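The values are calculated or read from the model by the stated rules, or taken from the named source; none is laboratory data. Since the model is a prediction, treat every value here as computed from it, not as a measurement. When we count neighbours, we look across all protein chains shown, and the Cβ atoms used for this are built from the backbone with ideal geometry, even at glycine. What goes into the accessible areas is simple: the full protein's heavy atoms, side chains included, and nothing from ligands, DNA or RNA. Shrake-Rupley method; radii C 1.70, N 1.55, O 1.52, S 1.80 Å.
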Amino acid sequence: MSQLLEELVQTGRDLVAQNLVAGAGGNISCRDGDGMWISPSGFSFKDAKPDDYPLVNIASGEITRGTNRPSSEVLMHLWLYRIRPDINAIIHTHPKMTIALCSAGHTLRPMYADYYVYLGRKVPHLDYVTVTTPELAKAVEAEFKDEKVVGCVLRNHGVITVGRSIKEGVFRTAAVEEQAFIQWHATVCGTPVFLSDEELTKLDELGSEVYRRALLAKRKA
């Protein structure tokens, strides 16, 4: 079995345990050579086994291994891999706090280090587009053409993050939901205080954060 596939399957189970998806929601994938392993349509991450994950050729979109249909969001995954050679993993989840806060009109902004360290300065927030449609895939593709974009909030829908490794994509998803949790509660308690541009620049200059970013980018063989 591909070690990347094994890591992807375990990642799906971890996302369920972290309450970032429910039921058969969400979809995940990773690049493996000229193909991508992607979660199967209609399966819960908790129940899906490695043999359930199809392998899809990135250039052609054809299934080259497996019999299950790929996720209904397969176009979104294919198009991102095609335009961004640096992307090796895509994580799409439905984190409750992020959906609630951003669907109410709020926009996430850094209030603590991790959100900025993992997501950077530009995190697009897309207005709702019907799920699983080519229109949604096109809208997401347009945002990720900017190589500085590594995460995107889909209002009334969820979050999509990418990574040079599966772990990097997952950490970015977790940071988005944690930011939403912090921002939500700060809004309830009082007036949120966001990190300034000067404070963000200082984070970029910290050797510890440079090291942390590099560590997350490493893939398993």
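Would you confirm whether any residue within region 209-221 is closer than 16 Å to LEU20 by Cβ, assigned to a helix (DSSP H, G or I), in contact (Cβ under 8 Å) with a residue 40 or more places away in the chain and open to solvent by 30 Å² or more (accessible area, probe 1.4 Å)? For region 209-221, residues closer than 16 Å to LEU20 by Cβ, assigned to a helix (DSSP H, G or I), in contact (Cβ under 8 Å) with a residue 40 or more places away in the chain and open to solvent by 30 Å² or more (accessible area, probe 1.4 Å): absent.
Residue by residue, here is whether (1) assigned to a helix (DSSP H, G or I); (2) closer than 30 Å to TRP184 by Cα holds:
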position	(1), (2)
ALA48	no, no
VAL56	no, no
GLY61	no, no
SER72	no, no
LEU75	yes, no
ARG82	yes, no
PRO85	no, no
ILE90	no, yes
MET97	yes, yes
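So in region 31-51, with the set limited to residues that are acidic (Asp, Glu) and under 24 Å from ARG82 (Cα atoms), which one is farthest from the chain's Cα centre (by Cα)? If we take residues in region 31-51 being acidic (Asp, Glu) and under 24 Å from ARG82 (Cα atoms), then ASP34 is farthest from the chain's Cα centre (by Cα). The residues of region 72-101 that are open to solvent by less than 10 Å² (accessible area, probe 1.4 Å) and in contact with a helix residue (DSSP H, G or I) (Cβ under 7 Å, 6 or more places away or on another chain), listed by number, are MET76, LEU80, ARG84, ILE87, ALA89, ILE90, ILE91, THR93, PRO95, THR98, LEU101.
Take the conditions open to solvent by less than 40 Å² (accessible area, probe 1.4 Å) and either modelled with pLDDT under 95 or in contact with a strand residue (DSSP E or B) (Cβ under 9 Å, 6 or more places away or on another chain) (or both) and apply them to GLU143. Does it pass? Judged against the criteria, GLU143 is not a match. Take the residues in region 164-200 that are surrounded by 12 or more Cβ atoms within 10 Å (Cβ to Cβ) and of a type in the set (Ser, Thr, Tyr), then tell me which one is nearest to HIS106 (Cα to Cα). Applying the filter and picking the extreme gives THR187. Applying the set (1) without any contact (Cβ under 8 Å) to a residue 60 or more places away in the chain; (2) in contact with a Gly (Cβ under 6 Å, 6 or more places away or on another chain) to PHE43 leaves exactly one unmet item: (2).
The condition (being in contact (Cβ under 8 Å) with a residue 40 or more places away in the chain, within 16 Å of the chain's Cα centre (by Cα), farther than 22 Å from CYS30 by Cβ and surrounded by fewer than 22 Cβ atoms within 10 Å (Cβ to Cβ)) is satisfied by just one residue among ARG155, ARG109: ARG155.
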